[in-house]
Amino acid sequence: MHRRTLVRSVVAGALALTMSAAAGCSDDSADGDGGSGASLEKITYLTSFGTFGRDSYAYVALEKGYFKDAGFDVTINPGKGSGENIKSIVSGQAQFTPIDLTGGLIAAGGKDKTTGFTAVSAIQQRTMAAIIALDGNKINSPKDLEGKTISDAPGSVVRTLFPTYAKLANIDDTKVKFQNGQAQELIGQLASGRSQAIGQFVVGKPTVETVSKKKAVVLPYSDYLQDLYGNVLITSTKYAQDNPEKVKKFTEALLKGLADSIANPDEAGKITPKYVQTAKPEGVAAELTLMGPYVKSAAAGIPVGALDAERVARSIAILQGSGQIDPGLKPEQVINFDLTPKA
């Protein structure tokens, strides 16, 4: 993991990234102008997974008034991972949320054939999915996962994508056991020895090391799955069809918050505790610093949020080759390219 020196200097504050899963935020307190607020469209936004620092860009957009300027009164609630977040969008419980694109492709093209949602922007240009273990757990390479137990939330993209990762990393996935755990409890399970490894994003490394007081061993899926995008912003297919301009405005507002957070993670660290009591500025900044290279494409000139149809098609081919989705799925069945920033 790069930028190790910076991360180690701030991990002391990262424990509080395991924030209260009950936290919800509205922009009412950010603006005292109740008259203009009446004309704003009320929107429920879910974070990707709990309330970790990696999702703090939404609070930055809220604090800076980007949502209000775009015409929205936004409430931010903690998400539960790609599978559950998709259900919330399709059922109308929320209007926007980030999910891992791979999880979305598997939901749409796998056995369930889930419909009713569409992606409108990228958040990360590469998948941040990873397995994290601790030094001393005898896990130093993907092959070492055989015979071990991994804890992860049901429906998590790390868990869903594992068979594909295992195939490419030469792991016999029949020799790997998964057990259920809630998002906010996984790191504690690893630290206590109840799990030998957990499903996490690569940016979870500082929190793992703070809680466990041990060195973390990170196995990024992107080492073997380089074409896969990370999180993408989704909304319901109907909302996108009925309100294309509103979708564009919301996306622009969120991406402004994302760009600001990556450019100035310390500022985001100071903003987030205004909305999530247990957030620590140093911990938020640590996750955003690690997330920066995943948000910005290595290819020059690719804007934040862009999605490329050919690259998505290659991702679909990888998942079809591993047997996780059926033949026939097209990128446009999961992504509305008319609404996404152009690659």
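The values are calculated or read from the model by the stated rules, or taken from the named source; none is laboratory data. For clarity, every value in this text was computed on a predicted model and none was experimentally measured. Every residue, glycine as well, gets a Cβ built from its backbone with ideal geometry; the counts of neighbours run over all protein chains shown.
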Q.
Here is a list: VAL312, VAL232, VAL284, VAL304. Which entry is under 30 Å from GLN93 (Cα atoms), assigned by TED's automatic domain parsing to the domain that holds TYR57, touching a residue at least 40 places away in the same chain (Cβ under 8 Å) and in a loop (DSSP other than H, G, I, E, B)?
A. VAL304
Q | region 157-209: number of residues that are over 20 Å from the mean Cα position of the chain (by Cα), closer than 25 Å to GLY323 by Cβ and of a type in the set (A, V, I, L, M, F, W, C) | A | 6
Q) What do you reckon, is GLY109 in the same structural domain as GLY50 (by TED's automatic domain parsing) and either touching a residue at least 24 places away in the same chain (Cβ under 8 Å) or closer than 29 Å to ILE335 by Cβ (or both)? A) yes
**Q.** Residues that are at pLDDT below 95 and outside any helix (DSSP H, G or I), drawn from region 80-98
**A.** LYS80, GLY81
Q: Show the residue pairs that are 6+ apart or on different chains and have beta-carbon atoms under 7 Å apart, the first residue being within region 316-339 and without any contact (Cβ under 8 Å) to a residue 60 or more places away in the chain, the second being surrounded by fewer than 19 Cβ atoms within 10 Å (Cβ to Cβ) and among the charged types (D, E, K, R).
A: none
(Q) Could you go through region 174-181 and let me know if any residue there is part of a helix (DSSP H, G or I) and either out of contact with any Asp or Glu (no Cβ under 6 Å at 6 or more places or on another chain) or under 17 Å from GLY292 (Cα atoms) (or both). (A) yes
**Q.** Unique residue being part of a helix (DSSP H, G or I) and not assigned by TED's automatic domain parsing to the domain that holds ILE106 when the list is VAL211, VAL247, VAL217
**A.** VAL211
Q: Quick one: in region 249-283, of everything that is β-branched (Val, Ile, Thr) and modelled with pLDDT under 95, which residue is surrounded by the fewest Cβ atoms within 10 Å (Cβ to Cβ)?
A: THR278
